[in-house]
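A.B. asks: Would you mind keeping the following structure in view while I ask a few things?
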Amino acid sequence: MLRYVALLLATVVLIGCEPSASSSPAPPPADPDVSIPFREDGTLSFLRESDTLTTIAIEIADTDSSRERGMMQRTSFPPSSGMLFVFPNVAPRSFWMANTPLPLDIMFVDEDLTIVNIIKYTRPFSQASVSSEGPAQYVVEVPAGFSDQHGLIATDRVRWIDTR
């Protein structure tokens, strides 16, 4: 009888621990005392026709874990810097600001390196999705206001150099 009760209890515990198919994963909790430092991996230029509008230092997120972490727990950017997300394929993209303490401008970029759309002044710690208006293979995140400061618009292009 005791073995039966133990087996029943173990089954209930295991069933209760299984994730629900309909639940979305929660973001990892932010530790307010930890800030991830910026790692300069290269430079990225914003172009309009043949003119370079501005160039920034970039950290490149090109692995699943670095793309998932993104700007989470970053409390500052060095001047003139941002993050470039590189995806292995072209698809509609969606980002959120959970555990991201800084407001950002998020630029979705297609496979031809043209900015598809820009979401400006995202709200820190928001779980609302911000999405591309078409397929994108790259995403650039910069401090909020950067796009306005440099007059960046959809149809501008990007070019980067990976110095890793």
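The values are calculated or read from the model by the stated rules, or taken from the named source; none is laboratory data. Everything numeric here is computed off the predicted structure, so don't read it as measured data. Only protein heavy atoms, including side chains, enter the accessible area calculation; ligands, DNA and RNA are left aside. Shrake-Rupley method; radii C 1.70, N 1.55, O 1.52, S 1.80 Å.
A.B. asks: Provide the per residue accessible area, probe 1.4 Å, for the range 31-95, rounded to a whole number of square angstrom.
C.D. replies: Numbers: 3360 Å² over 65 residues.
With the other protein chains kept in place, the range 31-95 gives 52 Å² per residue.
A.B. asks: Report Met71's accessible area, 1.4 Å probe, all protein chains in place, as a number in Å² to the nearest 10.
C.D. replies: 10 Å²
A.B. asks: Leaving out ligands, DNA and RNA, and with a 1.4 Å probe, what % of the accessible surface on the range 102-148 is carbon or sulfur? Write out the running numbers ahead of the final one.
C.D. replies: Details: 950 of 1920 Å².
Accessible surface attributable to carbon and sulfur in the range 102-148 totals 50 percent.
A.B. asks: Which whole-angstrom value gives the distance between the alpha carbon centres of the range 106-153 and the range 62-97?
C.D. replies: Distance between centres, Cα-based: 11 Å.
A.B. asks: I would also like to ask the following. Using protein chains only and a probe of 1.4 angstrom, how many square angstrom of Arg164 are accessible, to the nearest 10?
C.D. replies: 140 Å²
A.B. asks: Also: So what is Rg over Rh here for the range 108-164, counting just Cα atoms and using Kirkwood for Rh? It would help to have the intermediate numbers written out before the result.
C.D. replies: Numbers: Rg = 12.0 Å, Rh = 12.4 Å.
Taking Rg over the Kirkwood Rh, I get 0.97.
A.B. asks: Rounded to the nearest 5, what % of the DSSP beta bridges within the range 48-127 are antiparallel ones?
C.D. replies: Details: 5 of 10 bridges.
Percent antiparallel among DSSP bridges in the range 48-127 is about 50.
A.B. asks: Quick check: convex hull of the Cα atoms in the range 50-164, volume per residue, rounded to a whole Å³?
C.D. replies: Details: hull volume 11.7 nm³, N = 115.
In the range 50-164, the Cα hull volume divided by residue count equals 102 Å³.
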